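Beneath this line is the structure, given in structure tokens, with notes to follow.
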Amino acid sequence: MIETFLSDLKRLANNLWWCWNRDAKRLFVSIHSALWNECGNNPVSFLKRIKDAELKDAFSREDVASLYKKVIGDFDLYMKAEGTWFSEQYKDSKGFSVAYFSPEFGIDITLPIYAGGLGILAGDHLKSASDLGIPLVGIGLLYRQGYFVQLIDEKGIQHATYEKHLIEDMPVVPVKNNNGEELIISIELLDRRLFAKVWKVEVGRISLYLLDSDINENRSEDRQLTYKLYGGGEEMRMSQEILLGIGGAKAVFEMGIKPTVWHMNEGHSAFLILERIIKLMQNEKLSFYEALEVVRAKSVFTTHTPVPAGNDAFSLFLMDKYLRAYLKKSGISHHEFMNLGLRIMKEGSDFFSLTVLAINASSYRNGVSMLHAATSRRMWNDLWYDVPSNYIPIYHITNGVHTKTWLASEMEDLFDRYLEDDWKEKIDDHRKWKKAHDIPDKELWDAHNILKKKMIEKAQNSAITPYNLKPDVLTLCFARRFATYKRAYLIFRDIDRLNAIINNSRFPVQIIFSGKAHPDDKPGQKLIEDVYKISQRQEFAGKVVFLKGYDMIIAKYLISGADVWLNTPRKPLEASGTSGQKAAVNGVINLSVLDGWWPEGYNSGNGWAIGDEGGYLSEDEQDKRDADELYKILEEKMIPMYYERDENGVPHRWIKMMKNSIEGITPIFSSHRMVKDYTENFYIPASERGIQLGLKNYSKAKELAEWKLWMKENWKFIKIVNINKRIEDISGETFAELILTVDLGPISPSDVSVEVCNGRLEDDKSCYCNRLIQMSAQGEIWEGFYTYTTKVKIEDGWKGFSFMVSPSHPYIGNKYEMGLLRSRYVENI
């Protein structure tokens, strides 16, 4: 039996399912709690170090044997994947699968291949895909040193160090090829071959494949490609992204995986588009443009960056250096491929953008919140010429978090007692969370105070200098990447006013800061230094604290133990942000600028909002307004509510807001909801369209590619010749019959769509499309000239009319994807 016990523990240790299942973690703790802590909660290392006698002793104890039986039973049942959401919703989806590429994955601290929010989001994506039973594989890189370890000296200066992680302590196993040999893929890199070993990580029901260049077949500089995450210069980054995209796609092909959907989480992996095109050209004898149509149909792209400078791009010189020979050898014109990602700048210095490549070669594109999608449409509007900004095909799927990963045990116990029994299986069902209000106020408050004390104890080991944090004082936390746009400094704008708030003798406040700045981000590092120096001032000593070494463990203590989660980004530069969502799951209340996900999550009963959803101010104006609002909320709302207690010390109004936050935010901002959205709105349609284009030896893809080339050659002949209107009043309402005459030249009316966009005028005089109305063809009035009509109700304030002619084809993914549009704008029709 002891052999079975050890074998089962090894199965458990090598599947990261354990990291989001409380009983599995408790099992390892119950076997040998001291060793579990010594090993950094790493079950792989734990099982290597535990002695046989200690295992036998543990197995002989009834509590361990009972918990072991339950955990292994739960694990085996989970892995059978019976009755999952996906299998019930898509019973006829045989052959469907998704390949999800990301430069980083934040699943657990025992697999340190992540830097921050992008990786944590990718990890939560895999976990929810596993829970929901979605056929998906992850593709990434195995970084031997990961992201940097943060050290902060007595002056508040950040220092970056790197630690080489032992591969034998990671839950990874080498992938074997059909001959039983370790799978090593190779790609061309400049004048040589680059080799990468493929490792496999089990994440519940999901397999994550990681490429590792630190092998004997490579020269020294190539072995270093998978040392550091986001390290090195431009050529290192280029090489890493070629490995991720081209190498990752090759690994997928060599493992015999046949994805029907390819999802790029940010643009870092966009070179996979090139490799997939080459594969189709070689194996299916398609032309470049025919292969592009197939690739585009099956591609999904998620952008996380709301500023142009944050998107990966390379000089044309570097692109030529690294890819010209590979393109020529593959039979692809350098010009054809470069056009997919070319970013032409008015001031010169054109470059190749991986984001533009991913946008142009995907059928489905999204930002990670409603506001971020709108920002992205404005940022990339030149790729769609005159398309109304709100109809540019960049959609939104708002980020969410994997609830079981981020939920503290004390809160999970409460939910087990007061929510319905199946709440863990239906985390994104908002009806399940109404019962959060059934939790007795005192029980919720007691659980929160336990978590707060744990946070303060943890902080003691991570603070740069000694502190005097108190568990009965209102505690705000600001913990995230220290980039200047996140404005950690905002709360210090009026230092005297803050001093009065923090040092109020009756109602004091304390603030905990934590976070890293990228080693190359000097302004971000200066911000850490400035916050630290303020924390050392006599009036703030021990009351404003900076915790060093920010990581996933510290984050879990803070998002569960804080009273308030503070978020003050400069709008609209926060793409989504998920730390506040994790805090809300634990009953922590958000105080945030209305940016990222918060405009979708906020209501007046579940937190506080800074700013408004209107237009944008100058930086100084925004800082002044937001700081003033922040202080007012603290002084007039938050502090009085927190310290308003009954005779037992319970703040009932505060707890009501905690419950509102749990109920309203947890289900909507769950990664289960997020991954369902991707599946229903992107994955399934992309898979179905890709299959259709591949039927009958790719006949539809060939037809579509040929049609597009013909349309591009002849689009120049289309002209909007005349616009007429007839105004009439019907029952006191004004209607306009709009008549448009279009010269289509040699193009058939069946190949175009004619619409009128009607809406309000923006500040830049562009037309925001409140409604898009299809115009009806009335026939040919003479050779090549056609009339189109529609009737619209004239709405107050909607003064702009934009008449648009766009390509139309039954196989096209989106009518605007070709970048062809003939339009004419009319005001006050």
Within the range 435-487, tally of residues that are open to solvent by less than 40 Å² (accessible area, probe 1.4 Å), touching a Phe, Trp or Tyr at 6+ places or on another chain (Cβ under 6 Å) and either part of a helix (DSSP H, G or I) or among the charged types (D, E, K, R) (or both)
1
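Can you list the helices (runs of 4 or more DSSP H) found entirely within the range 607-689 that contain at least 1 residues being on the phi < 0 side of the Ramachandran plot, of a type in the set (Asp, Glu) and free of Cβ contacts under 8 Å to residues at least 12 places away in the same chain? If you could, list the steps in order and put the result at the bottom.
Numbers: elements: 619-632, 639-642, 652-665, 671-678.
Hits in the range 607-689: 619-632.
Please determine whether any residue of the range 517-525 is surrounded by 16 or more Cβ atoms within 10 Å (Cβ to Cβ), in a helix (DSSP H, G or I) and either on the phi < 0 side of the Ramachandran plot or touching a helix residue (DSSP H, G or I) at 6+ places or on another chain (Cβ under 6 Å) (or both). Give the steps one after another, and end with the answer.
So in the range 517-525, the residues surrounded by 16 or more Cβ atoms within 10 Å (Cβ to Cβ) come out as 517-519, 521, 524-525.
Still in the running and in a helix (DSSP H, G or I): 524-525.
Okay, now just the ones that are also either on the phi < 0 side of the Ramachandran plot or touching a helix residue (DSSP H, G or I) at 6+ places or on another chain (Cβ under 6 Å) (or both), so 524-525.
Yes, the conditions are met somewhere in the range 517-525.
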Select the helices (runs of 4 or more DSSP H) contained entirely in the range 289-364, then report the ones holding at least 1 residues which are of a type outside the set (Val, Ile, Thr) and in contact with an Asp or Glu (Cβ under 7 Å, 6 or more places away or on another chain).
316-329, 354-360
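Could you list, in sequence order, the residues of the range 502-511 that are in contact with a helix residue (DSSP H, G or I) (Cβ under 6 Å, 6 or more places away or on another chain) and crowded, with 19+ Cβ neighbours inside 10 Å?
If we filter the range 502-511 for residues that are in contact with a helix residue (DSSP H, G or I) (Cβ under 6 Å, 6 or more places away or on another chain), which is where we start, we get 507, 509.
Selection gives 509 alone.
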Kindly indicate the residue of the range 230-260 that is of a type in the set (A, V, I, L, M) and within 25 Å of residue 306 (Cα to Cα) and also farthest from the chain's Cα centre (by Cα) among those meeting that condition.
236
Pick out the one residue from 695, 704 that is out of contact with any strand residue (DSSP E or B) (no Cβ under 7 Å at 6 or more places or on another chain), more than 29 Å from residue 449 (Cα to Cα) and surrounded by 16 or more Cβ atoms within 10 Å (Cβ to Cβ).
704
Near pairs, Cβ below 7 angstrom, 6+ apart or cross-chain, from the range 151-172 (without any contact (Cβ under 8 Å) to a residue 24 or more places away in the chain and part of a loop (DSSP other than H, G, I, E, B)) to any residue that is surrounded by 13 or more Cβ atoms within 10 Å (Cβ to Cβ) and β-branched (Val, Ile, Thr):
163/149
Scanning the range 41-74 residue by residue, those hydroxyl-bearing (Ser, Thr, Tyr), open to solvent by less than 40 Å² (accessible area, probe 1.4 Å) and more than 14 Å from residue 24 (Cβ to Cβ) turn out to be 45
Taking the range 673-686 as the region of interest, how many residues are out of contact with any strand residue (DSSP E or B) (no Cβ under 8 Å at 6 or more places or on another chain) and open to solvent by less than 10 Å² (accessible area, probe 1.4 Å)?
3
Which residues, taken from the range 208-218, are open to solvent by less than 20 Å² (accessible area, probe 1.4 Å) and not charged (D, E, K, R)?
208, 210, 211, 213, 215, 218
Can you find a residue in the range 309-329 that is in contact with a helix residue (DSSP H, G or I) (Cβ under 7 Å, 6 or more places away or on another chain), among the polar types (S, T, N, Q) and within 25 Å of residue 814 (Cβ to Cβ)?
yes
In the range 509-523, what residues are within 21 Å of residue 559 (Cβ to Cβ) and within 25 Å of the chain's Cα centre (by Cα)?
513, 514, 515, 516, 517
Residue 478, sole failed condition from (1) more than 23 Å from residue 630 (Cα to Cα); (2) touching a residue at least 24 places away in the same chain (Cβ under 8 Å); (3) not basic (Lys, Arg)
(1)
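Within the group 773, 781, which residue is open to solvent by 20 Å² or more (accessible area, probe 1.4 Å), free of Cβ contacts under 8 Å to residues at least 40 places away in the same chain and assigned to a strand (DSSP E or B)?
Values: 781 fails: free of Cβ contacts under 8 Å to residues at least 40 places away in the same chain.
That would be 773, the only listed residue that is open to solvent by 20 Å² or more (accessible area, probe 1.4 Å), free of Cβ contacts under 8 Å to residues at least 40 places away in the same chain and assigned to a strand (DSSP E or B).
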Among (1) within 17 Å of residue 722 (Cβ to Cβ); (2) surrounded by fewer than 20 Cβ atoms within 10 Å (Cβ to Cβ); (3) not β-branched (Val, Ile, Thr), where does residue 746 come up short?
(1)
Considering 298, 321, 279, 258, which residue is touching a strand residue (DSSP E or B) at 6+ places or on another chain (Cβ under 7 Å) and touching a residue at least 24 places away in the same chain (Cβ under 8 Å)?
298
Quick one: which residue in 566, 591, 558 is in contact with a Cys (Cβ under 6 Å, 6 or more places away or on another chain) and not small (Gly, Ala, Ser)?
558
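So which residues in the range 120-143 are surrounded by fewer than 24 Cβ atoms within 10 Å (Cβ to Cβ) and outside any loop (DSSP other than H, G, I, E, B)? Walk me through how you get there before you give the answer.
Narrowing the range 120-143 to residues surrounded by fewer than 24 Cβ atoms within 10 Å (Cβ to Cβ): 132-133, 135, 137.
Matches in the range 120-143: 132, 137.
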Output yes when any residue across the range 548-556 is among the basic types (Lys, Arg), free of Cβ contacts under 8 Å to residues at least 60 places away in the same chain and surrounded by fewer than 24 Cβ atoms within 10 Å (Cβ to Cβ), and no when none is.
no
Working carefully through the options 229, 272, find the one that is modelled with pLDDT under 95, open to solvent by less than 50 Å² (accessible area, probe 1.4 Å) and not aromatic (Phe, Trp, Tyr).
229
Conditions (1) within 24 Å of residue 575 (Cβ to Cβ); (2) of a type outside the set (Lys, Arg); (3) open to solvent by 40 Å² or more (accessible area, probe 1.4 Å) -> residue 77 fails only (1)
Inside the range 4-119, counting only helices (runs of 4 or more DSSP H) that do not spill past its ends, which hold 1 or more residues that are in contact (Cβ under 8 Å) with a residue 40 or more places away in the chain?
22-31, 43-49, 52-60, 62-80, 85-89
Please determine whether any residue of the range 189-205 is within 30 Å of residue 316 (Cβ to Cβ), open to solvent by 10 Å² or more (accessible area, probe 1.4 Å) and not in a strand (DSSP E or B).
yes
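In the set 571, 533, which member is on the phi < 0 side of the Ramachandran plot and surrounded by fewer than 17 Cβ atoms within 10 Å (Cβ to Cβ)? Break it down into steps so the answer makes sense when it comes.
Details: 571 fails: surrounded by fewer than 17 Cβ atoms within 10 Å (Cβ to Cβ).
On inspection, the qualifying residue turns out to be 533.
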Specify the residue that is least open to solvent (accessible area, probe 1.4 Å); the eligible residues are those in the range 173-188 that are of a type in the set (Asp, Glu) and assigned to a strand (DSSP E or B).
188
Residue set 395, 391; condition open to solvent by 20 Å² or more (accessible area, probe 1.4 Å), of a type in the set (Ser, Thr, Tyr) and more than 21 Å from residue 124 (Cβ to Cβ); output residue 391
For residues that are closer than 18 Å to residue 67 by Cα and under 33 Å from the mean Cα position of the chain (by Cα), scanning just the range 27-40, find the one that is surrounded by the fewest Cβ atoms within 10 Å (Cβ to Cβ).
29
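The values are calculated or read from the model by the stated rules, or taken from the named source; none is laboratory data. Every value quoted in this text rests on a predicted model; they were computed, and no experiment measured them. Every residue, glycine among them, receives a Cβ derived from its backbone with ideal geometry; neighbour counts consider all protein chains shown. Protein only, heavy atoms only, side chains kept; ligands, DNA and RNA dropped before computing areas. Shrake-Rupley method; radii C 1.70, N 1.55, O 1.52, S 1.80 Å.
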